[in-house]
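Report on the structure given below.
The values are calculated or read from the model by the stated rules, or taken from the named source; none is laboratory data. Quantities reported herein were computed from a predicted structural model and do not represent experimental measurements. With ideal geometry, Cβ positions are generated from the backbone for all residues, glycine too; neighbour counts draw on all protein chains shown.
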Amino acid sequence: MLLPTKDKEIISFVDKFLKILKNSKKILVTGHKNPDGDAIGSGLGLYIFLRKLFKEKDIKIAFKDKVPYFLKFLPYSEDIVSLESIEDTFDAIIVVDTADIKRVGCKLPLAKFIIEIDHHKEREKFGNLSLVKSPLSSTSELVFEVIYLINPSLIDTNIAYNIYTGIYTDTAGFSYETVTQRTFEIAAYLLSKNINPRIIFTNLYEQNPIRKLKLLKLALSRIKVWEDIKFSRTYILLEDLKKYKASYEDTESFVSYPRSLKDVEIAAFYLEKDFGFKVSLRSKLFFNVAKLAKKFGGGGHKHAAGFETNIKNIELLDNILRKEISLSLKIV
Ligand code: 5GP
Ligand code: MN
């Protein structure tokens, strides 16, 4: 038997959360742009739960960008609509996994209440009601604690698939220090709801279109390593995406290849955008990439972070990152 959380912040949040939702007719669930497994998993887990809890209410789920192909297996993902196409106003909007309102990627519809549920340490509060727990494996783990407190009997296979996938992807397969005994207890509970971890893994990582491997070949050929600062990076350009008729979702997890190198601690993947580059940062053991990302106006977690820059020159980006990494290494 899994006991509900005794965390006072979560308990007091749930109280206020339910009061707001009971008085709301129209509710929207959303999260950050280019949504990942945690944003979609926590969002859908909450959405399915709320629809079961409040059958009479009008509840929607939307993100700025579409669901990447490797998350389309998630139950109810077909309910996700484009946030930009929404013209309604809402009584309550719940924003998951989003450290900063800008990360939503477009304007939020008007709402009486904006509620945040998130696990980022560094963030800019933007809601009227917030539940933020850090360090915690994922927003999905936090959403689980919330819905398990409210009504565990509503947690079904569909919700379990979403929450498990969110935890799994945000911890790179239960491999970060944010994974606790409680995380595994929750995962075990979710498995008791009849989910199949093989189906999850194969959908996430074994549905690659061939264009993705062609892009990966390019990215691997461009890996550069600076041994003195244990830094490695690679990149993909817009012209590469065009050549293979690919999009940003086809570069998911490319940053893990430079990180996988022996003696590399910090890895970066630069994805060219029309404004410059989206930079994904990862670290292996001790380096805090969230702090590095913050220097460039981005954010994230100790081992996974990112930022966007209007620098358009790879060499310049290399040099600026190398300089910042060198400085941080001296401080450590
Ligand atoms: P990814 O490299 O997979 O896009 O992002 C890894 C993590 O870094 C995300 O979970 C998110 O927390 C953070 N992140 C990525 N890009 C940005 C960004 O542009 N701004 C901020 N604040 N965080 C980001
Ligand atoms: Mn997350």
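The rows are residues; the columns are (1) within 30 Å of residue 72 (Cβ to Cβ); (2) at pLDDT 95 or above; (3) under 18 Å from the mean Cα position of the chain (by Cα).
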{"residue": "238", "(1), (2), (3)": "yes, yes, no"}
{"residue": "246", "(1), (2), (3)": "yes, yes, no"}
{"residue": "266", "(1), (2), (3)": "no, yes, no"}
{"residue": "297", "(1), (2), (3)": "no, yes, yes"}
{"residue": "311", "(1), (2), (3)": "no, yes, no"}
{"residue": "316", "(1), (2), (3)": "no, yes, no"}
{"residue": "326", "(1), (2), (3)": "no, yes, no"}
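For region 209-246, the set of residues classified as of a type in the set (S, T, N, Q) and loosely packed, with under 14 Cβ neighbours inside 10 Å consists of 221 only. When region 141-153 is filtered for residues that are under 17 Å from residue 192 (Cβ atoms) and outside any loop (DSSP other than H, G, I, E, B), the ones remaining, listed by number, are 141, 144, 145, 147, 148, 152, 153. Each residue in region 152-172 was checked for being crowded, with 24+ Cβ neighbours inside 10 Å, more than 16 Å from ligand 1 (Cβ to nearest atom) and not aromatic (Phe, Trp, Tyr), and 3 pass.
Scanning region 21-28 turns up no residue that is touching a helix residue (DSSP H, G or I) at 6+ places or on another chain (Cβ under 6 Å) and not in a loop (DSSP other than H, G, I, E, B).
Exactly one residue out of 38, 91, 118 is under 20 Å from residue 170 (Cα atoms), touching a strand residue (DSSP E or B) at 6+ places or on another chain (Cβ under 7 Å) and crowded, with 16+ Cβ neighbours inside 10 Å: that is 118.
Out of the residues in region 285-299 that are of a type in the set (Lys, Arg) and surrounded by fewer than 16 Cβ atoms within 10 Å (Cβ to Cβ), which is nearest to ligand 1 (Cβ to nearest atom)?
Ranking the qualifying residues of region 285-299, first place goes to 294.
Applying a threshold of 7 Å to beta carbon distances and a minimum spacing of six or more residues, or different chains, the list of pairs starting in region 6-23 at a residue that is in the same structural domain as residue 134 (by TED's automatic domain parsing) and at negative phi and ending at one that is surrounded by 14 or more Cβ atoms within 10 Å (Cβ to Cβ) and assigned to a loop (DSSP other than H, G, I, E, B) reads 21/54. Across region 108-126, the number of residues qualifying as in a loop (DSSP other than H, G, I, E, B) and touching a residue at least 12 places away in the same chain (Cβ under 8 Å) comes to 10. The set of residues in region 38-76 that are away from ligand 2 (no atom under 16 Å from the Cβ), part of a strand (DSSP E or B) and of a type outside the set (D, E, K, R) comprises 59, 61, 62. Scanning region 77-107 for residues that are in contact (Cβ under 8 Å) with a residue 60 or more places away in the chain, part of a strand (DSSP E or B) and not aromatic (Phe, Trp, Tyr) turns up 91, 92, 93, 94, 95, 96. Considering the conditions (1) within 12 Å of ligand 1 (Cβ to nearest atom); (2) under 19 Å from residue 216 (Cα atoms); (3) not hydrophobic (A, V, I, L, M, F, W, C), residue 272 is excluded by exactly one of them, (1). When only residues in region 272-289 that are touching a Leu at 6+ places or on another chain (Cβ under 9 Å) and farther than 24 Å from residue 262 by Cβ count, which is nearest to ligand 2 (Cβ to nearest atom)? Checked region 272-289; the qualifying residue nearest to ligand 2 (Cβ to nearest atom) is 278. Inclusion of residue 306 among residues that are out of contact with any Asp or Glu (no Cβ under 7 Å at 6 or more places or on another chain) and within 14 Å of ligand 2 (Cβ to nearest atom) is warranted.
Among the residues of region 24-62, which ones are of a type in the set (Asp, Glu) and without any contact (Cβ under 8 Å) to a residue 12 or more places away in the chain? If the condition is that a residue be of a type in the set (Asp, Glu) and without any contact (Cβ under 8 Å) to a residue 12 or more places away in the chain, then 56 is the only one that fits. Of the residues screened, residue 35 is one that is within 23 Å of the chain's Cα centre (by Cα), within 26 Å of residue 182 (Cβ to Cβ) and not in a helix (DSSP H, G or I).
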